[in-house]
Each structure stands twice: as structure tokens, then as C-alpha cells.
Protein chains: 2
Amino acid sequence: MRLVVALGGNALLRRAQAPTAAHQLANVRKAATQLARLAGEHDLLLTHGNGPQVGLLALQAAAYTAIEPYPLDVLGAESEGMLGYLLEQELANRMPAARAVATLITRVEVDADDPAFQAPSKPIGPVYSREQADAVAARHGWTMAADGPGWRRVVPSPRPLRVPGLPVIRGLLERGTLVIAAGGGGIPVVTAQGEGWRGLQGAEAVIDKDLCSALLAIELQADCLLIATDVDAVYLDWGLPAQRRLDTVSADELSRITFAPGSMAPKVEAAIAFVKAMKRRAVIGSLDRIDDMLTGRAGTEVRPDDPQ
Amino acid sequence: MRLVVALGGNALLRRAQAPTAAHQLANVRKAATQLARLAGEHDLLLTHGNGPQVGLLALQAAAYTAIEPYPLDVLGAESEGMLGYLLEQELANRMPAARAVATLITRVEVDADDPAFQAPSKPIGPVYSREQADAVAARHGWTMAADGPGWRRVVPSPRPLRVPGLPVIRGLLERGTLVIAAGGGGIPVVTAQGEGWRGLQGAEAVIDKDLCSALLAIELQADCLLIATDVDAVYLDWGLPAQRRLDTVSADELSRITFAPGSMAPKVEAAIAFVKAMKRRAVIGSLDRIDDMLTGRAGTEVRPDDPQ
């Protein structure tokens, strides 16, 4: 089978841990142990989030005040290098030497007119006091929003439309290469042109990695989209006394349920998009049970709608 | 022809400029304009340095003191993402849309017993006072060395031995993909093993990008190795009144000349290694004239030794 596995960035740098290299390597090793078993039996495209990682890069950039912070497309590219390297190495260390693994730096085109650019919503980087927030907003032209007791920069999260590197990803998968790509949802780029060139340029944005993974899974005609996170399934009324787990649900049923914005809503949206387009299953669940997710023994299975 | 082009990191962030994203993008665009012409006519593997870029990442990491700085393998991977993304995008913007471009995160194996690990020599990151240098050395276990009036961390630069991703690079080149790989000389890794795995792990080191490029050019049986830098040729007695340019030189002749350690010595060593192994030409010269370097109208041509 051809699988697309979307790995949560929070699984690689956990909120309760300091974002050190040692913690990250330990988490990557745990993830790789789970994923290597799956990769041993299937063609696999691995995508991953980068929220905590790009957050760390933004903190470091903010701390080094000698130059203007680098833009988000470049920070995203850095995070693809960092996490792609660690994942490739630890996966390769757990698979037969003959199995090729490739990590691709991946750009993803978004629409320069996407309404998200007018409504930045994703917090990133340091927490500021109100006065500091006003100062950095004036200096860098950033949009700031209240976040708990402080203020943070918020950035747009436009919809992924197209992956320029798709033919390369497809070609590698067809030859049995395990591919790591579109880390962090991909590097956001928009159509542009300048003197002597015409094509794409970076955008100050981030892309949701689950939506990008669904786009890739559809374009690559994947047999299953597995969204690996740190909860074991999708829950109704999450956090309330009445919370209950969804074992299996049709895309239509799931699309009638409203989830609070945050981590689960884009996963659900991505799963529905894949299942509706491909008439194949998507599964949302815990990385610890990724094998069982594929065989229907763990996670929430989102299945095609029942025939009318 | 199949070409390997090694692009100097200093061409992308120049010493005389602040290391801003805007300067780097402008320099990448200039480089891409030169390289796109070459890529239009030949199969091309592009490698690049990362000295100024990894230096910037080290400065940012040093400024953010909340956590221990990330190790050099991870910083190298970040720099591969950053520069690979920019180069891929600007090259793709200047070539026909049908030509595929792929940027690979690339590990390069070095020997854990390489003598360089006992004699760190490459300065990186902030300049410290003597007292600060003693403090960071004690805190992080770093080796420090005098650098002008201050002190800096010095790190090992072991020899590149093997590129685990070579089959992927070769496969992409064979299908006409322009490949960007082994940025910064590649991410240094050494053989290791742990609980449940056996393979490679990161090393606190940097790798010379010219030596790594020669290794790749030999393994890929390239027709020519082009080393693009910011001087127009190799000079004898550089900087002295008697300085003179080498237009063409045999590998044997060149190997009898001593160059001061620094930027030119590894370029000369890399060119000699390629020419001796392949009996084909290498050219060292200025990026501005990369087409002319290939046709023998610019740069220093290092040619195979004359038949005995």
C-alpha cells in the first residue's frame, strides 16, 4: 500500500519539555521506531509538523537583535532541514540498509489573495508585554494578538494549493524510496515575478501540515492517510464529563460535527478532504499505535460515506 | 555533460554585508541567473558552502540562552534547508517549468577516529573576550582559539568518506532532475549504535564543501567539477607584487604548489582529487563566468597529468 503519514510536531518537541536537541532526538527515536515497522511493509511518504521547532527558531531570531529576523518561509525551510535530517537518520538506522530514504525541501504554493493573509491567526515566537508588543509591531510590521496574559505575533495560515515538487516525490515513491517531505506543511510560496524571472517567492505565513498532507495524499492517490498525534482518537465533547471516543465515522457524519479551532479541527478537515476525494480511509490516532491504526484496531477511522 | 558545481557560501552572504535575509536573497538571485544557463544545457548537481549561514545560526543560538545550543549537525541541517530552498526556488524561477529541481537533505559519513576530532580548527560563532571564552568552554566543553583580538569556538573538519544518499542523488540526475545536495559539505555523521538501532549519528563537526563535492563528482562520474568562488582564478604568490594567475595547470604540477590554509587550499585539493581519480578536468574560478569556466575561457583549469 502507499501510505501518507502526517506526524505531529508536538510529538517531536513536547510542550512539557524544554526544547533541547537532546529531548528532540529522543522523541524522534521513539517515533522512528514506530514508523520503521510501517515503512518496512509499505510505500511511505512521511510529513511532519514544525510548530515547536519554528517557534524555537523564531525565539532564537528574536534574541539575536543585530539583524532583522529572517522571514517565515526561510525559518520553515530551516525547520524542514532540522527535522528532516533527524527523521531520515533515525528511520534509516532502523530499516534495512538497502532501503533508500530521501528528505526533500518542499515548497507549497498558496494564493496571495487567500483571506488568511488579511486575518493572521497562528501565534508564533516570544510572549511580549503590551508595550513590547507595540514596539515590535511598529518595528517589523507584525500583527500581534493577546495570548494568555501576554501578547504574541500572529501569522497567516493560508490553504495549501499546489506542491511544485510533486513529480519528484512521486518518482521517488515509485522506486520504493521512503520520502520525507513537506515538513511543517511546506514552505509557503506565492506566484510572483521580477526582473528576469517569473515563478514563486516566499510568503510570510505558515501552512497547516494536516491540510497539506491531505493534498499530497490525494495527488499521490494514497491508499490511506494516517494522522499521528498525541491523543488516541477523535473525541466528541472532548474534556467534558460526557466525552466519548469515535471509533469509526463516515466523512459525512464527521463533517456535521463542529470541533473547537485548534489542533483537532484541521486533522478532521484533512481526513474528510482525503476520504471524500479518494473514497478511501483516513485514520486519526496516536503515533504509539500507528500499525494498529492502519488495520483498524486503533484510532478514529474516517470511512467513505455509505452508498445511497 | 554531467556537471558538479560547488558554490561558495561566501558568494551568498558576503563578508562586507550584514547577514540579512534580503542580502542573501539578492545574492542567491544573482547566482541562480548564472547557474540557470548552465543547468539549461547540462545535467547538474549543485553543492554549496554554508560558512556564513551556519555562523549566523550559531550566533542566534548563542543569543538565546534559555537552552543549550543545538549541535553542529543540526545547525548544518538547518542551513541546508535555508539555502537549498532559496537556491531551488530561484533556479526554478529561471528555468523551463518542466525541468524538475530537487533539494535533498544530505548526510555525509566521516570517521569518528579522524585526527581532525583531536585538532579542531574551524572558527564558528561569536567572538568572545578571554574571560567569556573560558566560561563558554567550561559550560559547553568547547575548544576555543584566538581569532584576531578575540576568541572563538573552533570545531573539527574531518574528511568526507561516504554519502548515504548517493543512490537517490544518482537516480534523480539520471532522470534529468537538477539536484541541490550536500549543502555545507553535508551533515557530518559517524557510525554508531544504540538500543534497537545501528547506523549513523550526528557529529560535532563541519565538512569542507569542496572536498565533499569532489567525492560526489567522483562517485557520480561527473564530466567536470566546477568550483565557483569570488576570485577569478588560482594565483601563485597571491597578494604579493609577484602574484600571477594560473590559466591551466596539470594536477601533478598543482599538487607540488603549497597554498596557505584557508579558502583556496581545499579548493585546490578538491580539484586535484577529482582530476586524478577521473582523468577529467576541474575548473576553479568566479561564479560570474561559470559558462566560460566550462569552455576553458575563464578560471584555472586543472587538467589530467600529461601522458608519460
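The values are calculated or read from the model by the stated rules, or taken from the named source; none is laboratory data. In this text, all values refer to a predicted model and were calculated from it rather than measured experimentally. For neighbour counting, all protein chains shown are included, and Cβ atoms are generated from backbone atoms with ideal geometry for every residue, glycine included. In case anyone asks, the SASA skips ligands and DNA or RNA and just uses the protein heavy atoms, side chains included. Shrake-Rupley method; radii C 1.70, N 1.55, O 1.52, S 1.80 Å.
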What's the FRET efficiency of B:Ile67 with B:Asp134 using the Cβ-Cβ distance as r and R₀ = 22 Å, to the nearest 0.05?
-> 0.55
Solvent exposure of the range A:89-131 as accessible area per residue, Å², 1.4 Å probe = 46
About the Cα centre of the range A:103-212, what is the dipole size in debye to 20, counting +1 per Lys and Arg Cβ and -1 per Asp and Glu Cβ, all else neutral?
-> 260
Sort all Cα-Cα distances of the range B:1-145 into consecutive 5 angstrom bins from zero, then give the percent of pairs in each bin up to the one containing the longest distance.
-> 2, 8, 16, 19, 17, 14, 10, 7, 4, 2, 1, 0
FRET efficiency for A:Ser263 and A:Arg2, using Cβ-Cβ distance with R0 set to 30 Å, rounded to 0.05 = 0.70
Sort the range A:151-241 into rounded, prolate or oblate with this rule: let a ≥ b ≥ c be the square roots of the eigenvalues of the Cα gyration tensor; rounded if a/c is under 1.5, and if a/c is not under 1.5, prolate when a/b is larger than b/c, oblate otherwise.
-> oblate
Cα to Cα, under 16 Å, and not fewer than 8 places away if on the same chain: which lysines meet these conditions relative to A:Lys209?
-> A:Lys122, A:Lys267
Please give the peptides B:103-114, B:32-43 ranked by average Cβ packing (other Cβ atoms within 10 Å per residue), highest first, as a rough proxy for protection.
-> B:103-114, B:32-43
Mind listing the label-point distances from A:Arg175 to the same position on all other copies, shortest first, one decimal in nm, points 7 Å along Cα→Cβ?
-> 0.6
In nm to one decimal, list the spacings between the B:Thr65 label point and its equivalents in the other copies, with label points set 7 Å along Cα to Cβ, shortest first.
-> 1.4
With label points set 7 Å from each Cα along the Cα-to-Cβ direction at B:Asp291 and A:Ala16, the distance between them in nm comes to 6.2
Evaluate the relative contact order of the range B:188-271 (contact order divided by residue number), counting alpha-carbon pairs under 8 angstrom at least 6 apart; express in whole percent.
-> 24
Based on the mean of other Cβ atoms within 10 Å per residue, sort peptides A:127-136, A:285-294 so the most packed one is first.
-> A:285-294, A:127-136
Taking every pair of Cα atoms in the protein assembly as shown, average 1/r, invert it to obtain the Kirkwood radius, and report Rg/Rh to two decimals.
-> 0.98
As straight-line cross-link partners of B:Lys276, the qualifying aspartates and glutamates (C-alpha separation under 18 Å, not fewer than 8 residues apart within one chain) are B:Asp210, B:Glu219, B:Asp223, B:Asp252, B:Glu253, B:Glu301, B:Asp305, B:Asp306
Quote the relative contact order of chain A in percent (integer), defining contacts as alpha-carbon pairs under 8 Å separated by 6+ residues.
-> 21
Could you list, bin by bin from short to long, the percent of Cα-Cα pairs of chain B in 10 Å steps?
-> 6, 27, 35, 24, 8, 1, 0
222 nm mean residue ellipticity, helices alone, for chain B (DSSP H n ≥ 4; -39,500 (n - 2.57); rounded to 500) | -11500 deg cm²/dmol
Equivalent ellipsoid, the range B:223-265 (semi-axes from 5 times Cα gyration tensor eigenvalues, Å) = 17, 14, 11
Label-point separation, A:Lys30 to B:His23 (7 Å along Cα→Cβ), nm = 4.2
For the B-to-A rotation axis, chain B residue with nearest beta carbon and its distance in angstrom = B:Gly81, 1
One point scatterer per Cα, no solvent, Debye formula: log10 I(q)/I(0) for the range A:189-244 at q = 0.14, 0.24, 0.27 Å⁻¹ comes out as -0.68, -0.99, -1.05
Taking only C-alpha positions in the range A:153-308, Rg and Dmax in angstrom work out to 17.2, 62
Over the range A:153-194, how many percent of alpha carbon pairs lie in each 5 Å bin up to the one with the longest distance?
-> 5, 16, 24, 19, 16, 10, 6, 3, 0
